[in-house]
Amino acid sequence: MAAGEIGWLREKYGYPWVGHVGTVALDSEVIRGISVQGAFGPRGMPRRYRAAGRAHMESDRTMAQAGTDNADYRERLLLYYEEEVMGAAYFTGLARHFGGAAEREKLARLAEVERRAAEAVRPLLAKHGLVPRDVSVLKPLGEANVERHRRYSWADLMAYMVARYPAYLEEFKELERLAPEDDLPALKLLTHHEVATIDFANKEIAGDPDSLASIREYLDHGTV
Ligand SMILES: [Fe+2]
């Protein structure tokens, strides 16, 4: 990765670890190592490995268009799946820090959405010969991210989601662009879960009494 790209990432995300990303190759084990060491969660910040992935994005798109095997696609698929499993643990853990029953229930629904998204793409992992880390490993990783937000007010959390989650949505759309066509129905479910979650947070901020409408739609029909 060029120094300019690292600078762009630092400017965009403002995290000191970004400098380390520039030192690693696009290798799943190395990148996953950063993921674990960084102690940032699927909902905590933009994905760590994203930095390395972006540097290769253009060539990967070309590969996808050519119908050739796409290592970056498979790598993202695996990690995004794992992050949904972690995300479910994150929301479940976060719920314990909110006093209101309504808030806890809403976070439980968000955890359910994360689980549903993970379930949707799980068959693609087997199809592509990918083996995720066990839930016994992923769950504590997700729970570790609660610490960063456990003192947030509800309004803080909603504002954070609205500000940060669109970046995830863009990544899921990029995953679709890299994907073989057969994978798109499952990947749409992954993309839609983020749309529903962002819509929920926006409705919460707006004071909409039916803020869970998109979440219900997603859980009932997989659509938004
Ligand atoms: Fe998610």
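Quick note: the coordinates plus some simple rules give every number you see, no bench work behind them. Values in this document were obtained by computation on a predicted structure and should not be read as measured data. Here the Cβ is made from the backbone with ideal geometry for all residues, glycine too, and neighbour counts use every protein chain on show.
A few remarks follow.
- The stretch 145-154 - phi-based ³J(HN,Hα) in whole Hz, Karplus 6.51/-1.76/1.60, Gly and Pro as x: 7, 4, 3, 5, 10, 5, 9, 5, 6, 4
- The trypsin sites (Lys or Arg not before Pro) of the stretch 111-199 that meet both conditions, a loop assignment by DSSP and at most 10 other Cβ atoms within 10 Å of the site Cβ, are Arg151.
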